[in-house]
Structure formats: structure tokens, C-alpha cells
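One structure is given here, and the rest of the page talks about it.
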Amino acid sequence: MERPIRVLIAKPGLDGHDRGAKVLARAMRDAGMEVIYTGLRQTPEQIVEAAVQEDVDTIGLSCLSGAHNHLFPEVTRLLKEKDATDILVVGGGIIPEEDIPKLKEAGISEIFTPGTTTATAIEYIKENVKR
Amino acid sequence: MTTDLKQVGGAKKAWEEGPVAKAVARFPERKEEFLTLSGTPVDRLYTPLDTADFDYEQDLGFPGQYPFTRGIQPTMYRGRLWTMRQYAGFGTAEESNERYKYLLDQGQTGLSIAFDLPTQIGYDSSHPLAHGEVGKVGVAIDSLADMEVLFSGIPLDKVSTSMTINAPAAILLAMYIVLAEKQGVPSDKLAGTIQNDILKEYVARGTYIFPPKPSMRLITDIFEYCSDKVPKWNTISISGYHIREAGCTAVQEVAFTLADGIAYVEAAVEAGLDVDDFAPRLSFFFNAQMDLLEEVAKFRAARRLWARIMKNRFGAKNPRSLKLRFHTQTAGCALTAQQPDNNIIRVTLQALAAALGGTQSLHTNSRDEALSLPTQDSVTIALRTQQIIAHESGVASTIDPLAGSYVIEAMTNRIEDEAMDYIKTIDEFGGAVSAIEQGFIQREIQESAYAYQQAVESGERIVVGVNKFQVADEQAPELLKVKPEVEARQKAKLENLRQQRDNAKVQSTLQQLSKTAQGDDNLMPGIIEAVRTYATLGEICDALRQVFGEYEPSVIF
Amino acid sequence: MTTHAKNDSNIWAERVLAGDRRALARVISLLENQEPEGFHTLKTLYPKTGQAHIIGLTGPPGGGKSSLVDRMIQEIRSRGHEVAVVAVDPTSPFTGGAILGDRIRMQRWASDTGVYIRSMGTRGSLGGLARAVYATVQLLDAASFPYILVETVGVGQSEVDIVQVADTVVVVSVPGLGDDVQVSKAGIMEIGDVFAVNKADLPGSQRVVVELQSMLDLGSHDVWQPPVVTTVATTGKGVSELITAIQEHLVVLQEANLLTKQRLAREKEALLQRLTERIRCDITKQWSNKQGNQAWENLAAKKTDPYTLEEQLYLSWKGVTTVDNQD
């Protein structure tokens, strides 16, 4: 039996725009993944704890408020602390091109900006999950 | 001249079976089915047959007259153009103040304040959850002291100010009132709007604090307070904008917005207010999307439907209670990160729809907003877009110019009918509040959002630069950066304030406020007193949180 | 299995016993995915099981179960105990995917080390919920959580499945969801040990209470009379009483010497189910060949009947005779 990929979709910070996160969650379900949706206003600590408890393969972070430079690297830092760097982390939202290299350096594997198809994001995750 | 519909019907049939059939046989049409942006089929041609049951007097009437389909004022833009109001704010109060003054110098006629997320959710800049968010999507306001800086040099009796603030709307309004007092402007001279629309926060925008019941009380308290003390203030801006941004259709935008409106009116009537005392101060806020014809019809349908609801359902007598006055913003979700200059054209078409639809005020988005907050250059182009439509295009010279177009009237009728069906369903849920609590509205929006995304991904719907006409290697435009030191500066200011104010006085007003919250009295006077002592937004919200509790979202897939 | 896997399993077991949450989470995945390594770990840990009070929650969607679980966590924590939650949501039968959203209501406990929350999809295997959840609960029990809450989707078979997992079953009802239907739904009255009427601040809740009570009066309850408790998950009202009622149920079972008996019966049932599933797998595999296809074709053409076919399949599986479906 092929096991489903488990994904945690989270909205770190205070941003309430969850259209993209929800559309992606549905598309992932329709692609056969198990999606744990944690909702709005999540702290990086909550996200990482949930990801560990749920033993997910991937964390998808969505932020449209511009706080990504603070919030995304905090998630990867905490994952390192928990010895859980085998969890693939991807991010999406209104993220300027120039911020992307730094985010990648911090351990975010890929950043999806507006206009990315759900198919692209799903394909990326399927190809890059680490186990 | 009268039209013989029978004859038209026969002629149309002949045309379809003759020339059309022949043309289609040789050159098939581009698509099997043509759809509006909302996914509704569009016919090849509209004729008088599509408006057969149409009664001019009853369905259209004249501008400024019931049912206001053609506009809410007798002269519309011939008398006064719409208010050009660009939503702006970022960083600290100082930086935003500079941007406001610039916009006023450029000919903007009203201010529109964007607050950062901690402010919108009732957290001080020093709150742990505020970390990383301070000054990002708007200006950070912690207390009256920040408001004093934000409006420094701007006389409050000369501008109208719109504030996009919802859960803590009462507090920001209180700050504005006290600030005016300090400028020597009495509150009955103040003009402006607070968004104050909590229901759409629950379904689409996410900046809620309290559960529905106390939230509705805060709203009706504001209605009551303002009808007496701040009569020129728009006490609510019932917003479909964000619902549309969340992915719904044009019909759903109208239906859910007006259903929310019904819920507010019912709450106020239940609280003992007379409908004609507060209804004239209700205002609305819609989205202007890409489908020009559908959007124009949407605005007209919304106006007519609201007038009918207010008259028939609530028995409003004052003609001003029947008028749906609305602000429009062009659709943020229609902007693309790819080839951002294309967004100028998109915004132009959307703004044109708003003008043709009879909006009272308009915000045009900037080309770079799919990438970050707009630069000053981009904001200027967006404002110029409105000015060109207003002064050069000619659409402002005559009222409701598209009226009588078969397609526009047919679409207007359809949108009104379908929106009414939704409102009936929501009534069956027990109104908008329970429909939201049971997740009905959220689910409908999500279905539409998902269907749209699938249409884009399958290529059925073309978005220029995104799934067709792409270019490789785009050059990144220059973007606005909120300085990272904003947060530290704001926190230092707050710390300083906490040391300098009379903390005993702050505590006693907060205690008084929480006592009022436990009872039934109007909350506004207590909030004003707390604001006056420089109690912070976070402190006031905390006092209310302790009494009211916090909203727990129902997430539905 | 190889000794290698067994050694790994011992390491997993040690880590789980040492309170390593990451290891616990990983072993649950192994169990969910039916990896032998997971079951080997359980073999090692089995002697440690039997300490936890396993509480199942079931009821219609929209009943506020997740919010109630959130409040139950709060109550159990305030009494100084650790707690684990298994929240089950349906897997899409078409895509095999699932959106697991129950956790949203409980996310405030994410950083509390005394709480472990795990979301699971039903994944549609035979026995539905039972197999993976059963094993997961055993693992959590061995990991010494004194309370384990299992929240299930309130539709279809899983309502009844919960009995195969839990010591105490809480049936959650709410006013205004077509009361008569939900209360009298076949089987639901029989499985409840405690009935919670949630959203008790809504009009109509008293009616649900009365209805439940009169339904319960019709049944015969020798040892334990299921109580009806009213709760308001949004405020936490009644949750303390609910937990107390749940605890009392366990005490009564213990005093009547029923707990051990019931647990053994569940263990037996689970074992039989696993065996059934293995046999089914075997037979399916054995018959997914040309011969098997021929048999189905014959059945379709009415050249044979399902009862004859059954006999043949069964005997063939037992190795009694070779398959011969040509008459």
C-alpha cells in the first residue's frame, strides 16, 4: 500500500487571508494527500509542535502580510532544534523576489508566489519529500 | 415606438438558424460555452426578449429615486465626482502621515487608513503575537498618542476619513473623536467611515476578536452613539469586498453582503433602535472585478435589492434609509505578480466598471500589490487612472450610461434574483450569524474559489501573463520596504507612554469599562474615557476579552 | 521479520517509553501504514498497556465534538494529568486524501508537553477506523498517557467502531440538528456510556435531554445507568461534570469486574478482525490471476453461482483442493 504524504498547512502570524491556503489544502486532498489544517494565527512554536506530533512529511506556510522574513525562518530554526529537519518546508504568499534567497538559505525549500498553480506546488512536494 | 416581441422572437430565430448557423458551421465559435468571471453562461446576443417582463418605472426609475437602480443621487457625477480614496498606511504614524499629506496634495479627496494586523486584532505592538507584523500591512496604532501623530497637520473638519478597522472599530472611532476634540472640532462635524463589519471577518478576512454576540452589541452601540453624537459618520461599511477576494462569485458577493446587512439591521432593531435613525448611515463596500459587464450589473442589482429589502422587509420610511451607498476597491486578487505593469490595465477596466456602476468612492489598486506594499510611483499611477476616467473618458457626463442595454438589464435582473434566493436560504439558517456559525457561507465561498482555481489551471480561463502570454526572465520592479526598525521604534514609544501617563487613571477607566461590558449600557462613553487616559488599544481589548471571550472560527472544507 | 527490524523496534520502544514525542509520532505512522516495524514495536510494548482510560467520542458532524475535546483536555490538564487525543476524519474514497481539521480547535495545546494530539484519516481499509486506531491507542497507552480521547467522525460505520476501542463511549448530541433522527439512530443508544448534550445554551437542548433520558429508560442497564450531561463547549460549562461521569463509569466497570472482561473481549475482536483482513488479503491476492478472472466471468455469465464459488475459494484457501471452476 502506498502511504499518503502528510502535509501540515499553517498560517503563521496574524494574516487572515486563507483563500490560497484552503484552495491548496483541497487540491492536496484531491491529489491523495492527508492535509492537517491548523488554521489562522499560529505561532512558529505551535506549527512545529503540531508538525512533530502529526509526523508530517511537509509543512506548507502561507503568509500575505509581509511578516514572512520573521516567521518562516523561525519555523525552520525550531525544526532544527527538534531534530526534525527531515520535514520539507515550503512557503507561499506575497513574497518579494529579493527575499527568496534568504528564506531558502534559512531552510525553506521553495517559495510559491501568486500565480503558482496548485499542480506545481503538489508536484514539487511529491518530488522533494525527504522520506 | 413600440417593439413587437413576437416579431423580434421570430426574427431572432431566423437569424440563428440562418446566418449564425452558417457562420458557426464554417468557423466554430472560440468556445462551446462563454461564461462570466463568476461562471454564469453568457448568450451570444441579448435582445428585447431578455427584458420582456421589465417595467421601467418599477425596475429602474430615475436617479435618486426608488429603487435606485440608476444611482442614489439625482445628478450623480454631474454634480460631484466619486471620492477618490486611496487606502494607505504603513510603518509608524509619522511615515503614514507623510503619505497622507502627499496624497492630499495630489488631489485625493478623502483619507483611507490601513492599520497593521496587531492593531486590527487588538494587540499592542509589544504583544508576542505582534512580532514581525508591526507596521507591515498598515500603520501601527497603540494609543491616542499615535493617532495624534497620524493626523498631525490634517484638520479633521476638512477631510473625510475612512478607517479599515473592524473588531476594535469602537476604539479607533473613540480615538478619532477625542483627537477631534483636541483640535477643537466638535464630533457632529466629523465625516468618515469605520468598516466595523465583523461578520465578513468571520467568513473572509480573519481579523476577528470577540464572539458574534458581543461583537454585534459593539456594533449596535456604535450605531446608537453616532446617531446622536456623530451624525455624519458612516457607522459601518458592510463589505462584500473581502468576501469576493476570498473567491466567491458576483451573485454571492451581493447576497452575502446584503445578508450581513440584514443581520446588522435586525440586531439594531432588536436593540431598540428605529430603523430610520441608523439606516441612513449604513454604507457598503464592494469589489470591482475583471468582468466589466457583470460588475456593472452587480452594482445596479445590489442597489435595487437593498432598496427593496429596506422598504419591504424593514418598513423603512426615510428615503435615505433605502439608498445603498458604496465604496469600491478594485480586485486585489486579480492582480498578477507576473508582468506587473499589466495590472495598470486591469485596474483601469475595474475602475471603469465601478464608475459605470455608480460608486460613491473608489480605491484603485497599484500595479505592484501582488508583490508587496505599493511604492509612491505606483500609487500615483493608480490615482491618475481614476482621474483619467473621471475627466477624460466621458463616462461621468451622463448618469448610468449602460442602462437599457439588453445584456446589462438581463444580468442585473439575474443577479438580483439569484442573490435573493441565497438570502432566502440564509434566512432558513436563521440569518447570517447562524449561517456563518454553521459554516454555510464559508463553504459556498470555498466551492467557488476552488472552481475558479481549477478553471485557471485547466486553461479554461485565461489570465494574461500567468497561464498564457508568459515571458521568461521577468525583471523585478523596485518595491517598497517597510523598515525593520519600525517595530523596535514603535515598542519604545509604547514603553515610554506607559511610563509617562497616569496609570492609576488608566486602570480605573478600564475597570469601569469592564463593568459596563458586563451590563447592557452603551460601551462607547466608557471606551472614550479609557482612550482619553491613553489606555492602549491592547489594554482596552483585553478588558473586553475578559468579559466577552474570544471567537473560535469554524473551519469548513 | 528480520532481527534487524526487531532491533529497530526495540529502539523505537525505548524512545517511546522515554517520552520522545518524535519517536511516538513516527511509530504511529508505521502503524497507520501497516509497516511490520510498527507492530514489532507494539509487541515489545504490549506488557505496558492496560493503564490508560480510553474514552471515545462520537456524534453527528456539527455537534462541536472538537471544541468539547478541547475543553476536556483543559479539564484533564487542570486535574494534573497528561492526555492524548486521536482525532479521526474521513478519507475521501475517490482520491485517498483527507483534510484533517479537528486539530484547529485544539491547537492551543500544541506547546503543552502534557498533551499529544494526532489526526488520522479513516483511509478506508476493512474494519475502517478500528485497526490503526486500535494499535495507536495501545501505543499511547504504553507511552503512559493516563487518558486517551478518541474522536471519530459521526457518520456511518465508525460510530459503532468506537466501541471496539474505548472503555467509555461518550455520545455527543446537540439541539437543532433534527433531534429525533440523531437520537434514535440505530445503534447509537446502545453504545453510549455517557451522553453529552453539547451547545446546551441553545434553545431546544432541554428537549434533547428529555428525549435521551426517556430513550435510556426504555433500555435495561444492570450495572451502569448512562447519565445525560449538558455541556457548553464554548464556555466549558458542564465539562467538569462530564469528566467526572466518565471517571465514574470506569470505576463502576472495575468494581463489577467488567473492565478486564470487556478489554479482553475487545482484544479478541480486534485480533479476529486482523485475521479476517489477512485472510481476505490472501484470497484476493490468490485470485487476482487469470483463473480468478475466469471465475468472475463465469459468475457474470451465470455459469456458476456465488455460493459454489465461495465454497471453492474457501477450500482452495485452506489448501484442501485445487481450484477447479469448470464444473
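The values are calculated or read from the model by the stated rules, or taken from the named source; none is laboratory data. Keep in mind the model is a prediction, meaning the values are calculated, not measured. Glycine also receives a Cβ, built like all others from the backbone with ideal geometry; neighbour counts cover every protein chain displayed. Quick note on the areas: whole protein, heavy atoms, side chains included, nothing else; ligands and nucleic acids left out. Shrake-Rupley method; radii C 1.70, N 1.55, O 1.52, S 1.80 Å.
Let me confirm something: among A:Ile59, A:Ile36, which residue is within 13 Å of chain B (Cβ to nearest Cβ) and either over 24 Å from B:Tyr241 (Cα atoms) or part of a loop (DSSP other than H, G, I, E, B) (or both)? Before you say what the answer is, go through the steps one by one.
Details: A:Ile59 fails: within 13 Å of chain B (Cβ to nearest Cβ).
After ruling out the rest, the residue left standing is A:Ile36.
Would segment B:317-332 turn up any residue that is out of contact with any Gly (no Cβ under 7 Å at 6 or more places or on another chain) and within 14 Å of another protein chain (Cβ to nearest Cβ)? Yes, some residue in segment B:317-332 is out of contact with any Gly (no Cβ under 7 Å at 6 or more places or on another chain) and within 14 Å of another protein chain (Cβ to nearest Cβ).
Of all residue pairs spaced 6 or more apart or on separate chains, those with beta-carbon atoms under 9 Å, a first member in segment B:44-58 that is within 11 Å of B:Lys12 (Cα to Cα) and not assigned by TED's automatic domain parsing to the domain that holds B:Val407 and a second member that is among the β-branched types (Val, Ile, Thr) and open to solvent by 60 Å² or more (accessible area, probe 1.4 Å) are B:Pro48/B:Thr3. Inside segment A:101-131, residues that are within 13 Å of another protein chain (Cβ to nearest Cβ), in a helix (DSSP H, G or I) and surrounded by 17 or more Cβ atoms within 10 Å (Cβ to Cβ) make up a count of 4.
Of all residues being assigned to a helix (DSSP H, G or I) and buried (at least 18 other Cβ atoms within 10 Å of the Cβ) in segment A:74-91, which is farthest from the other protein chains (Cβ to nearest Cβ)? Just the residue, please. Ranking the qualifying residues of segment A:74-91, first place goes to A:Thr76. If the condition is being out of contact with any Ser or Thr (no Cβ under 6 Å at 6 or more places or on another chain), of a type in the set (D, E, K, R), at pLDDT 95 or above and open to solvent by 40 Å² or more (accessible area, probe 1.4 Å), then segment B:521-557 contributes B:Asp521, B:Arg532, B:Asp542. When segment B:340-373 is filtered for residues that are within 11 Å of chain A (Cβ to nearest Cβ) and open to solvent by 40 Å² or more (accessible area, probe 1.4 Å), the ones remaining, listed by number, are B:Glu369, B:Leu373. Selection over segment C:43-84 of residues that are in contact with a helix residue (DSSP H, G or I) (Cβ under 6 Å, 6 or more places away or on another chain), within 14 Å of another protein chain (Cβ to nearest Cβ) and not in a loop (DSSP other than H, G, I, E, B) gives a count of 7.
Look at (1) under 18 Å from B:Ala419 (Cβ atoms); (2) in contact (Cβ under 8 Å) with a residue 60 or more places away in the chain and you find that B:Leu356 fails only one, number (1).
Of the residues screened, A:Ala51 is one that is open to solvent by less than 30 Å² (accessible area, probe 1.4 Å), part of a helix (DSSP H, G or I) and touching a residue at least 40 places away in the same chain (Cβ under 8 Å).
Screening C:Asp222 with (1) under 25 Å from C:Arg103 (Cα atoms); (2) assigned to a loop (DSSP other than H, G, I, E, B); (3) modelled with pLDDT under 90 gives one miss only, at (1).
This table checks each residue for (1) of a type in the set (Val, Ile, Thr); (2) within 20 Å of B:Arg367 (Cβ to Cβ).
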residue: B:Phe469; (1), (2): no, yes
residue: B:Val486; (1), (2): yes, no
residue: B:Ala492; (1), (2): no, no
residue: B:Glu495; (1), (2): no, no
residue: B:Asn503; (1), (2): no, no
residue: B:Ser514; (1), (2): no, no
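Residues that are modelled with pLDDT of 90 or more and among the aliphatic types (A, V, I, L, M) number at least 3 in the following helices (runs of 4 or more DSSP H) confined to segment C:256-327: C:259-286.
Which number in (1) within 25 Å of the chain's Cα centre (by Cα); (2) without any contact (Cβ under 8 Å) to a residue 12 or more places away in the chain; (3) not in a loop (DSSP other than H, G, I, E, B) marks the one condition that B:Lys13 misses? Just one mismatch for B:Lys13, condition (1).
Scan segment B:457-468 and give yes if some residue there is touching a strand residue (DSSP E or B) at 6+ places or on another chain (Cβ under 6 Å) and open to solvent by less than 30 Å² (accessible area, probe 1.4 Å), otherwise no. Quick ask: steps written out before the conclusion?
Restricting attention to segment B:457-468, the residues satisfying the condition of being touching a strand residue (DSSP E or B) at 6+ places or on another chain (Cβ under 6 Å) are B:462.
With the extra rule that they be open to solvent by less than 30 Å² (accessible area, probe 1.4 Å), the set shrinks to none.
No; the residues of segment B:457-468 include none that is touching a strand residue (DSSP E or B) at 6+ places or on another chain (Cβ under 6 Å) and open to solvent by less than 30 Å² (accessible area, probe 1.4 Å).
The C-beta contact set for segment B:407-420 (first residue closer than 14 Å to B:Arg303 by Cβ, second residue of a type outside the set (Lys, Arg) and not in a helix (DSSP H, G or I), distance under 6 angstrom, 6+ apart or interchain) comprises B:Ile408/B:Leu402.
Here segment B:469-502 is the region considered, the condition is being of a type in the set (A, V, I, L, M, F, W, C) and open to solvent by 50 Å² or more (accessible area, probe 1.4 Å), and the residue that is nearest to the other protein chains (Cβ to nearest Cβ) is B:Ala476. Residue pairs whose Cβ atoms lie under 6 Å apart, separated by 6 or more positions or on different chains, with the first residue in segment B:481-503 and outside any helix (DSSP H, G or I) and the second open to solvent by less than 70 Å² (accessible area, probe 1.4 Å) and not charged (D, E, K, R), are B:Val482/B:Phe90; B:Val482/B:Gly91; B:Val482/B:Gly135; B:Arg501/B:Tyr534. When B:Asp105 is tested against (1) open to solvent by less than 10 Å² (accessible area, probe 1.4 Å); (2) modelled with pLDDT under 95; (3) of a type in the set (Asp, Glu), exactly one condition is not met: (1).
Among the residues that make up segment A:13-33, is at least one of them over 24 Å from B:Tyr450 (Cα atoms), at the interface with chain B (Cβ under 9 Å from one of its Cβ atoms) and either of a type in the set (Lys, Arg) or open to solvent by 10 Å² or more (accessible area, probe 1.4 Å) (or both)? The answer is no, given that none of the residues of segment A:13-33 is over 24 Å from B:Tyr450 (Cα atoms), at the interface with chain B (Cβ under 9 Å from one of its Cβ atoms) and either of a type in the set (Lys, Arg) or open to solvent by 10 Å² or more (accessible area, probe 1.4 Å) (or both). One residue alone among B:Glu266, B:Glu295 is assigned by TED's automatic domain parsing to the domain that holds B:Phe68, under 20 Å from B:Pro63 (Cα atoms) and of a type in the set (Asp, Glu), and that residue is B:Glu295.
Residues are listed down the side, and each one gets a yes or a no for (1) outside the structural domain of B:Asp341 (by TED's automatic domain parsing); (2) of a type outside the set (Ser, Thr, Tyr); (3) outside any loop (DSSP other than H, G, I, E, B):
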| site | (1), (2), (3) |
| --- | --- |
| B:Thr359 | no, no, no |
| B:Leu362 | no, yes, yes |
| B:Ser378 | no, no, yes |
| B:Thr385 | no, no, yes |
| B:Ala390 | no, yes, yes |
| B:Ser397 | no, no, no |
| B:Glu409 | no, yes, yes |
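Does B:Ser125 qualify as being crowded, with 24+ Cβ neighbours inside 10 Å and more than 18 Å from B:Val531 (Cβ to Cβ)? So B:Ser125 fails the test.
Note on segment B:321-338: among residues that are assigned to a strand (DSSP E or B) and open to solvent by less than 10 Å² (accessible area, probe 1.4 Å), the one that is farthest from B:Gln350 (Cα to Cα) is B:Phe326.
Among the residues that make up segment B:76-89, is at least one of them in a helix (DSSP H, G or I), in contact with a strand residue (DSSP E or B) (Cβ under 7 Å, 6 or more places away or on another chain) and not hydroxyl-bearing (Ser, Thr, Tyr)?
At the first step, the residues of segment B:76-89 found to be in a helix (DSSP H, G or I) are B:76-78.
Add one more test, that the residue is in contact with a strand residue (DSSP E or B) (Cβ under 7 Å, 6 or more places away or on another chain), and what stays is none.
No, there is no match, as no residue in segment B:76-89 is in a helix (DSSP H, G or I), in contact with a strand residue (DSSP E or B) (Cβ under 7 Å, 6 or more places away or on another chain) and not hydroxyl-bearing (Ser, Thr, Tyr).
Could you identify the single residue in C:Thr95, C:Thr41, C:Thr91, C:Thr58 that is surrounded by 22 or more Cβ atoms within 10 Å (Cβ to Cβ) and within 17 Å of A:Val35 (Cβ to Cβ)? Show your work before the answer.
Numbers: C:Thr95 fails: surrounded by 22 or more Cβ atoms within 10 Å (Cβ to Cβ); C:Thr41 fails: within 17 Å of A:Val35 (Cβ to Cβ); C:Thr58 fails: within 17 Å of A:Val35 (Cβ to Cβ).
Checking each option against the conditions leaves just C:Thr91.
Of all residues in segment B:439-462, those that are more than 9 Å from every other protein chain (Cβ to nearest Cβ) have Cβ atoms under 8 Å from Cβ atoms of residues that are of a type in the set (Lys, Arg), 6 or more apart or on another chain, in B:Ala455/B:Arg461; B:Gly459/B:Lys468; B:Ile462/B:Lys468.
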